[in-house]
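Note sheet for the following structure.
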Amino acid sequence: MRHALLATAFSLACLSAVLARAADPAASIDKPNILFIMVDDLGKEWISCYGADGIQTPNIDALAKGGLKFHNAWSMPQCTPTRATLLTGQYPWRTGWVNHWDVPRWGVGYFDWREYVTFARVMKSAGYSTCAVGKWQINDFRVEPQAMKKHGFDDWCMWTGWEEGNPPSGNRYWDPYINTPQGSKTYDDKFGPDVYTDYLIVFMTKHKQEPMCLYFPMALTHGPLVHTPSEPDAKTPLAKHKAMVRYTDQLVGRLVATIDELGIRQRTIIVFTTDNGTSGGLRGTVGGVKPSGGKASKFEGGVSEPFIVNCPGVVPAGAETDALTDFSDLLPTFAELGGAEQPANVELDGVSLAPLWLGKANDSPRQWIMALGHGAAKLDAQGVHGTSPYVSRVLRDKRWKVWVNTSGEIDQLFDMQNDPAESKNLLQGGSAPSSATASMKKFQAVVDSMPKADARPRYAPRAANPWDKQPDGKNAEKRQRNKQKRGGKKSAS
């Protein structure tokens, strides 16, 4: 049985649907700072302002109380597709990152700055100072030590990702293995989330007189489950997870307090969200009911994320909206807010939501949103590719949601107003209800506009490294060891 989000808590009928109070347009500011915070593997059901049971997140709740809270904001279902989408403003079917591919662990592909334009590069072109801290994981810093700089970040403090053949690199929490412009090293006896946050605070302090674009893709709350500095006695998996959620909230509070202390609160737009739903058996509840899916799921619990925008006097306060948005909208929104030119010769899929964020509009221009991409990508002789030539995906508007299979056919339809649990497929055993006709035509037009096969990730070929995964599933390092055991010669790589 698929668990549903409680209709009374998550139904559109309970939304305010329109902005509770529009911000004064005169309060809009030129080149506002942007702090984008994205938690790893955490659904709405763990944020108390979204109705979470058994946990309090007061600092995140304060952002919602003083800002704009979304109810129809979609990520992709998993890590890599989400990151590729938000950085580029393009859907995964266009960039090729349609499934998860952990570059430092598996090598071969990497997120190539010659092919993909990130929001950091766009904002730098408008005079912004840029910094990223936390979890990147789509480049291997051993191969490309300046990958962050080439992607547009002036400074960075990133967990390296689990580098194959380098055990210390597996640590993102205690004794973390971190890359900065000075290189990679272990920070003994430190808690990684503190290191990332401290680094960002130093950057903000140094650059407070300049417009800043700050990207904080948190390591929290992704596994492994650990105790935190605030709750060292957490022992069980659930206790550790709750401790990690509470520590996430504390770090948000630290950042907001720092922005206040620096005197830049009224010109800093803070965005809080997560990259996908909660992982595995850790899904929480709202009113005693678990969400309809989590990480790697295209049910709402996997792709509909907490999304809060806050800036006192600039973003409407105490407002909620059912406006549609997905992570492809971030780059064009940031660009409009910062007065930056859209990247040339790049076909963006997202649109700017700046008017909505600033209280100058009551809705987004989106007529539909989309999510796709879960499971591990594959490798063949030509490189990385998706789990199928055309990965399954979902689209929705404010009422209807469709599922599109790997043959590019719409085979499921759900009425999200009356069936938020997605429990009754209205296409099964009959045609769609007449009330869905217009939406079905719209969704079919979107499906027809996409290629019949998804792109592959684009990257330049390079010499093989010992840790690279091979098409046969064995990495070169293991192949070399096995060859040596058999008395063979060393591999040239």
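Descriptive notes on the structure:
- Among the conditions (1) under 29 Å from A371 (Cβ atoms); (2) modelled with pLDDT under 95; (3) in contact with a Ser or Thr (Cβ under 7 Å, 6 or more places away or on another chain), S431 misses just one, which is (3).
- Only one of E210, E163 that is charged (D, E, K, R) and within 30 Å of Q470 (Cβ to Cβ): E163
- All positions within the stretch 394-421 that are among the aliphatic types (A, V, I, L, M) and more than 25 Å from the chain's Cα centre (by Cα): I410, L413
- Top-ranked residue of the stretch 100-146 - restricted to ones that are among the small types (G, A, S) and outside any helix (DSSP H, G or I), ranked as nearest to E163 (Cα to Cα): G107
- Residues in the stretch 80-128 that are touching a Gly at 6+ places or on another chain (Cβ under 9 Å), of a type in the set (F, W, Y) and buried (at least 23 other Cβ atoms within 10 Å of the Cβ): 5 in all.
- The set of residues in the stretch 203-234 being buried (at least 16 other Cβ atoms within 10 Å of the Cβ), farther than 18 Å from W174 by Cα and out of contact with any strand residue (DSSP E or B) (no Cβ under 8 Å at 6 or more places or on another chain) consists of K208 alone.
- From K378, K401, residue being buried (at least 21 other Cβ atoms within 10 Å of the Cβ) and basic (K, R): K401
- You will find that of G152, G161, the residue that is in contact with a Lys or Arg (Cβ under 6 Å, 6 or more places away or on another chain), assigned to a loop (DSSP other than H, G, I, E, B) and not assigned by TED's automatic domain parsing to the domain that holds D468 is G152 and no other.
- Residue in the stretch 187-197 that is in a loop (DSSP other than H, G, I, E, B), within 23 Å of Q250 (Cβ to Cβ), assigned by TED's automatic domain parsing to the domain that holds M244 and of a type in the set (K, R) present: yes
- Among the conditions (1) without any contact (Cβ under 8 Å) to a residue 24 or more places away in the chain; (2) of a type in the set (S, T, N, Q); (3) within 23 Å of C213 (Cβ to Cβ), the only one that T186 does not satisfy is (3).
- Residue among D41, D61, D53 that is touching a residue at least 24 places away in the same chain (Cβ under 8 Å) and more than 15 Å from the chain's Cα centre (by Cα): D53
- Counting only residues that are of a type in the set (G, A, S) and buried (at least 24 other Cβ atoms within 10 Å of the Cβ), the stretch 129-164 holds 2 of them.
- Whichever residue in the stretch 326-353 is in a loop (DSSP other than H, G, I, E, B) and without any contact (Cβ under 8 Å) to a residue 40 or more places away in the chain and, among such residues, is farthest from E115 (Cα to Cα): L353
- Of all the listed residues (A371, A323), the sole one being under 20 Å from A64 (Cα atoms), part of a strand (DSSP E or B) and small (G, A, S) is A323.
- With respect to being part of a helix (DSSP H, G or I) and in contact (Cβ under 8 Å) with a residue 40 or more places away in the chain, W97 falls outside the description.
- All positions within the stretch 354-363 that are surrounded by fewer than 24 Cβ atoms within 10 Å (Cβ to Cβ) and part of a loop (DSSP other than H, G, I, E, B): G359, K360, A361, N362, D363
- Filtering the stretch 272-283 to residues that are more than 12 Å from the chain's Cα centre (by Cα), surrounded by fewer than 24 Cβ atoms within 10 Å (Cβ to Cβ) and either outside the structural domain of P81 (by TED's automatic domain parsing) or not in a helix (DSSP H, G or I) (or both) leaves S279, R283.
The values are calculated or read from the model by the stated rules, or taken from the named source; none is laboratory data. Keep in mind that this is a model prediction, so the values were computed, not measured. Cβ sites come from the backbone with ideal geometry, for glycine too, and all protein chains shown count toward neighbours.
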